[in-house]
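Heads up: the structure comes next, in C-alpha cells.
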Amino acid sequence: MAPKAFVAYSSRMAALASMVVEGTQRASAARKDVFFQPWEFNDIAGTPLISPIIEGIDESPFVVADVTFLNPNVVYEIGYAIGRKRRMFLVRHRSTVGDAQVAREAGIFDTLGYEEYENAEELAQRLLGYINPTPFLFSGTLDRQAPVYVVEPPTKGEVATLMTSRLKKARYKFRSFNPAEDVRLSAADAIRQVACSGGVLASLLDSGDAVAHVHNTRALFVVGLADGMEKPSLTLVPKDYVAPLDVRDAVKHYTHPEDIQNHIGAFSPEITDYLQQGEPPPLGPDTALQSLQIGDPTAENEMSTLWTYYLQTDEFHRALRGEVNLVVGRKGAGKTALFIQVRDHIRADKRNIVVDLRPEGYQLLKLKEDILHHLAAGAREHLVTAFWEYLLLLEVAHKLLDKDRNTYQHNHEIHDLYVSLESMYRTGQFEAEGDFSERLHVLSNRLAVEYRAKYPAVDGERNLDLQEVSELLYAHDLRALRSKIQEYLDRKSSVWILFDNLDKNWNVDGVDAVDTLVLRCLIDAGRKLERDMRKPSSMFRCIVFIRNDVYQQLMKRSSDYGKEMKALLDWTEPDLLREMLRLRLVSGLDKSARQKTFDQIWPALCVSHLAGGEDTSNYMIDRSLMRPRNLLKIFGHCRGFAVNLNHPKITEEDVQRGVKAYSQDIMTEVDRELVDVFPRARDFLYQFIDVPGDPSLAELKELVLRHGLEEVDVEKVIDFLLYYGVIGLREEAQDRYIYDVNYDMKMIQARVKRAGENARFVINQAFWPALGIRARTA
C-alpha cells in the first residue's frame, strides 16, 4: 500500500477547499508511489482532535499545505511537520488574495518557498512532479548559555515584560524574535533558533486585527516547531480566548500578572529537565554550509558568542576608554553589539561596576501622558532630569548590592557599608524587586499616580518648584543615598552606566518634543552624576546609545548637543563589512580556516560570481544599505534556501531567492523607520511599485502627491529617502548614496540643489525585487 502524504488546508473559502480536495484526488489517482490524504475541514471546532493530525503527519513521507489562507491550525501543522523532519511542499492559489499581506509581514512562507496553481488540474500537475523528501536540516546543538527562545508580541506591555522578567528571575537567559528589531521572521532562522533551544515561550493575541494575525502566525509556527522537535513549550493566552484546535489543550490562560508568574514558574523545571538530558545526536550534515553557524543578525540573541567574532572598530575602543558620552548609529549599524562588548570587557574586571540598562519605551508612556504634557517647559525639564538622576542612583545602588550579595558577610571592608546601603535602599515606598524594566515601570507609574492625586487637572500648564518636585518624586533621602554610594564606591575601581533602548518602541506617530526632552534630560542626568560621583581614584562614566534619526531630532531642538563626545557607527567601507562577515564565517568553520582571507573562504561557501560577472559578495553588500545586520540577513536568507534545497554551497538561484526575501524584509523595515520620523509617510514606499529604477525629480514629486501628501512635503520626503539610502542621486560619474558622502546630508542636498529640476535619482536595488521595480526602457 502506498504511503499517505498528509495535506493541510483551510476551509475558510469552500470553493478553494473543494479545489484542493479535487486536485489531491487527481494526483493520487495518477501517482502510484504516494496517496495524498487531505484532512477535510480540520479547522472547524468540534471536528477531529489533534491526535489523528499528528499521526497523519508522523506517517507521511512529506506534507503538503495550502497557504492561501493562513489558518492557525495549518500554520502550527507546518511548523510541527518541519520539527518532525518532514519535507514541506507548500502551494498557494494564484488568483486568491487570501492572507498574502499577512504572509508578507510574517515572513515565514516566502522563505520556505511555495508553488502556485490556478485550478484543480494545475494543482494535480504540481503534485505529480518530483517532491524532494529530504527534510530541512537543523542542528541539534543546545545553546546552554541562552536556552530559551521567546516570540515577543509586536507591542511591549506589562504581559510581555512579565514574560521576559520572570525568565530572568528563573535565571534563564533567552534569545527572542523581536518585531521592533526584525520585522519579519524567516523560516530558516526560526528552525535554527528552536533547534538550539531548551524551551520555547510564546503568547497569542486575541484582538482579531491584522497585527494579531501576523503575530499569532509566527508564534504558532514556532510552537509547532518546538512540539515537533519535542522541546518544552509554553503558550500564554488571555482568559476566555478560544485557542486554535491544535493547541487548545496545551495553552495556558492568564487573568492576572501572578498567573503568568505561576505558569513560567511551572515551565522552568521543564527547561531544566530538558537541559539535563544528553546532547541530541547530530544530524550529520554533509557540507560546511549546512553546519555553518555565524551568529544572529540581532545582537541580543548572541550575547554569549559575540566576543568570538566581534570586529573591534575604533568606535569600540573609544567607548571602552570612556571617551564618549553618546553612541549614535542607524538601526542595524551595531549599537547593541558595541553595548554588549563594552559591557562584557569592562565587567571582566571584578573591581568594576557596570550598570547596563535596556528598558522598553512604553514604560515611560504614563509619565509622558499623565504629567509631562501638562507641565510648563521649565518644570518639565527639571522633573525629568531629577527623575533620571534618581533612577540612575537607585540602579547603581541595586547593582552594588547585587554584586556583593554573596561576599559582603565575609568582607570586613564593605560589611557595614553594605548593610547600611541595603537598609537605605529598601525603603517601604520603593519597589526593589524585578528587573530594571519592571522597576522603571513601577517608578514612573507611582509618579504619575501621585501627581494626579496631588495636582488635579487644571487648564493651562503647571509650574513646580524644587520642593514640589522632591516631594513628588523621592521615596529616599537623596542626599544620604548619594553620600552612601560615594562612600561605597571608594572600594571599587570604576562605575559605568550603559543605557540602550530608550528610543526602542517609541510611538510610530513620530518622535516629538517630549521624547527628545526625555532623552536630553537623561544625557544631562548622566553628566551630572559623572561630575558629582567622579573621584581621582576612580572613574564614573555614563554612555547613552541612541538611533541616528533620534539624535538628529535632538540636535534640531537643542543644537548644543552637537558638542557631545560621540561615537558614530556609520559604515562606509565595503571591505570593513566583508571583514565583519569573514570573522563570523571562520568562527563557524574548523580551526584551519581561522587565518584564511575572505577570498579563500567565500568560494567554498557561495558561488563567486553571478551570470553577469558580478562578485556575489559585492552584490550582497551593495544591497545591505551598508549596515552589518542587513548583510547578515542577506547571507542568512541565501544560506537558508541553499540548505533547504540540499545544495552543497549557495548557488546563483539561492542568491536571487535570498535577496528577494530580504527585499521584502528591508522594505517593511524602512517603511517603519520613515514613519518614526515622518508619520504621514506611512506606506509611501509602495508608491514605487512598478516604477522605473531611475525616477526624475518630477516623477518623485508625482509619487509624493499621489500618496496624498502636500507640495510642501516633497522636499522632506525626498530628504528622508536620501537619508535612509532608499534612493541615491544619479550622476554621470557614479550613483551617490548617503554612505558614499560619509553620511553628510548637506553634501548630497547640495548636489541635488545644483542639479535643480534636472536631478535624477536611483532607487537602491535592495528594494527592486519586493516592489517590482524595473530598469527604464528606451
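In the set (1) over 30 Å from GLN664 (Cα atoms); (2) aliphatic (A, V, I, L, M); (3) surrounded by fewer than 22 Cβ atoms within 10 Å (Cβ to Cβ), VAL159 fails one condition alone, (1).
Could you pull out the residue among TYR425, TYR418 that is of a type in the set (Ser, Thr, Tyr), closer than 26 Å to GLN261 by Cβ and at pLDDT 80 or above?
Checking each option against the conditions leaves just TYR425.
Checked against (1) open to solvent by less than 30 Å² (accessible area, probe 1.4 Å); (2) within 28 Å of VAL63 (Cβ to Cβ), GLY295 meets all criteria but (2). Applying the criterion of being in a loop (DSSP other than H, G, I, E, B) and of a type in the set (Lys, Arg) to the residues of segment 65-88, the residue that is most open to solvent (accessible area, probe 1.4 Å) is LYS85.
For segment 89-108, the candidate set comprises residues that are of a type in the set (S, T, N, Q) and not in a helix (DSSP H, G or I); within that set, the residue that is farthest from the chain's Cα centre (by Cα) is SER95. May I ask you to say which residue of PHE35, PHE41, PHE62 is within 25 Å of THR134 (Cα to Cα), modelled with pLDDT under 90 and open to solvent by 20 Å² or more (accessible area, probe 1.4 Å)? Criteria check complete, one pass: PHE35. Please work out if GLN261 is under 30 Å from ARG584 (Cβ atoms), of a type outside the set (A, V, I, L, M, F, W, C) and either modelled with pLDDT of 90 or more or outside any loop (DSSP other than H, G, I, E, B) (or both). Answer is no for this residue. Among the residues examined, SER51 does not qualify as over 22 Å from THR235 (Cβ atoms) and either open to solvent by 10 Å² or more (accessible area, probe 1.4 Å) or in a loop (DSSP other than H, G, I, E, B) (or both). Close contacts from segment 391-419, counting a first residue that is under 24 Å from ALA475 (Cβ atoms) and a second that is among the basic types (Lys, Arg), with Cβ to Cβ under 7 Å and a gap of 6+ residues or different chains, come to LEU393/ARG482. With respect to the conditions (1) modelled with pLDDT under 80; (2) more than 25 Å from SER437 (Cα to Cα), VAL508 falls short on a single one, namely (2). Tell me which residues, restricted to segment 668-712, are in contact with a helix residue (DSSP H, G or I) (Cβ under 6 Å, 6 or more places away or on another chain), of a type outside the set (Gly, Ala, Ser), part of a helix (DSSP H, G or I) and at pLDDT below 90. Within segment 668-712, ASP671, LEU674, VAL677 meet the criteria. Out of TYR390, TYR362, one residue alone is at pLDDT 80 or above, closer than 30 Å to VAL159 by Cβ and assigned to a helix (DSSP H, G or I). It is TYR390.
Each row is one residue, and each column tells you yes or no for (1) touching a residue at least 40 places away in the same chain (Cβ under 8 Å); (2) over 22 Å from VAL75 (Cα atoms); (3) assigned to a helix (DSSP H, G or I); (4) among the β-branched types (Val, Ile, Thr).
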residue	(1), (2), (3), (4)
SER165	yes, yes, yes, no
ARG171	no, yes, no, no
PRO179	no, no, no, no
ARG184	yes, no, no, no
ALA188	yes, no, yes, no
ILE191	yes, no, yes, yes
SER197	yes, no, no, no
ALA202	yes, no, no, no
ASP206	no, no, no, no
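Could we say that ARG218 is open to solvent by less than 40 Å² (accessible area, probe 1.4 Å) and either more than 21 Å from HIS263 (Cα to Cα) or under 18 Å from the mean Cα position of the chain (by Cα) (or both) here?
yes
Being in a strand (DSSP E or B) and more than 19 Å from ALA770 (Cα to Cα) is a description that applies to LEU729. Selection within segment 655-688: residues that are aromatic (Phe, Trp, Tyr) and either open to solvent by less than 30 Å² (accessible area, probe 1.4 Å) or closer than 15 Å to ARG623 by Cβ (or both). The member of this set that is farthest from the chain's Cα centre (by Cα) is PHE688. Across segment 195-213, the qualifying residues are those that are of a type in the set (A, V, I, L, M) and open to solvent by 10 Å² or more (accessible area, probe 1.4 Å), and the one among them that is farthest from ARG175 (Cα to Cα) is ALA210. Residue pairs whose Cβ atoms lie under 6 Å apart, sitting 6 or more positions apart in sequence or on different chains, and linking a residue in segment 712-741 that is farther than 19 Å from LEU568 by Cα to a partner that is charged (D, E, K, R), are VAL714/LYS701; GLY728/ASP735; GLY728/ARG736; LEU729/ARG736; LEU729/ARG751; ARG730/ASP694; ARG730/ARG760. The set of residues from segment 370-385 being at pLDDT 70 or above and open to solvent by 10 Å² or more (accessible area, probe 1.4 Å) comprises ALA376, ALA377, GLY378, ARG380, GLU381, HIS382, THR385.
Among ASP246, ASP240, ASP227, which is the only one that is buried (at least 20 other Cβ atoms within 10 Å of the Cβ) and over 24 Å from the mean Cα position of the chain (by Cα)?
Testing whether each residue is buried (at least 20 other Cβ atoms within 10 Å of the Cβ) and over 24 Å from the mean Cα position of the chain (by Cα) leaves just ASP246.
Screening HIS647 on (1) open to solvent by 10 Å² or more (accessible area, probe 1.4 Å); (2) assigned to a helix (DSSP H, G or I) shows it passes everything except condition (2). Checking SER291, SER304, SER207, SER233 one by one, the residue that is polar (S, T, N, Q), farther than 28 Å from ARG629 by Cα, under 25 Å from the mean Cα position of the chain (by Cα) and modelled with pLDDT under 90 is SER207 and no other. Would a scan of segment 95-114 turn up a residue that is open to solvent by 50 Å² or more (accessible area, probe 1.4 Å), among the polar types (S, T, N, Q), more than 30 Å from MET303 (Cα to Cα) and touching an Asp or Glu at 6+ places or on another chain (Cβ under 7 Å)? Looking through segment 95-114, at least one residue is open to solvent by 50 Å² or more (accessible area, probe 1.4 Å), among the polar types (S, T, N, Q), more than 30 Å from MET303 (Cα to Cα) and touching an Asp or Glu at 6+ places or on another chain (Cβ under 7 Å).
Can you tell me which residue is nearest to the chain's Cα centre (by Cα) among those in segment 386-431 that are open to solvent by less than 30 Å² (accessible area, probe 1.4 Å) and among the hydroxyl-bearing types (Ser, Thr, Tyr)?
The qualifying residue nearest to the chain's Cα centre (by Cα) is TYR390.
Yes/no per residue for (1) of a type outside the set (Asp, Glu); (2) open to solvent by 20 Å² or more (accessible area, probe 1.4 Å); (3) in a helix (DSSP H, G or I); (4) in contact with a helix residue (DSSP H, G or I) (Cβ under 7 Å, 6 or more places away or on another chain):
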site: ALA525; (1), (2), (3), (4): yes, no, yes, yes
site: ARG531; (1), (2), (3), (4): yes, yes, yes, no
site: PHE540; (1), (2), (3), (4): yes, no, no, yes
site: ILE546; (1), (2), (3), (4): yes, no, no, yes
site: LEU554; (1), (2), (3), (4): yes, no, yes, yes
site: TRP571; (1), (2), (3), (4): yes, yes, no, yes
site: LEU583; (1), (2), (3), (4): yes, yes, yes, no
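A quick yes/no check of all residues on (1) touching a Leu at 6+ places or on another chain (Cβ under 7 Å); (2) modelled with pLDDT of 90 or more:
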site	(1), (2)
GLY588	yes, no
SER617	no, yes
ILE621	yes, yes
ARG629	no, yes
HIS637	no, yes
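Summed over segment 301-323, the residues that are closer than 13 Å to PHE545 by Cβ and surrounded by fewer than 20 Cβ atoms within 10 Å (Cβ to Cβ) give a count of 0. From the residues in segment 689-699 that are in contact with a Leu (Cβ under 8 Å, 6 or more places away or on another chain) and buried (at least 18 other Cβ atoms within 10 Å of the Cβ), which one is nearest to LEU112 (Cα to Cα)? Once the filter is applied, the top-ranked residue is VAL691.
The values are calculated or read from the model by the stated rules, or taken from the named source; none is laboratory data. Here the structure is a predicted model, which means the values were calculated and not measured. Cβ: placed from backbone, ideal geometry, glycine included. Neighbour counts: every protein chain shown. The area values use the complete protein model at the heavy-atom level, side chains included, leaving out ligands, DNA and RNA. Shrake-Rupley method; radii C 1.70, N 1.55, O 1.52, S 1.80 Å.
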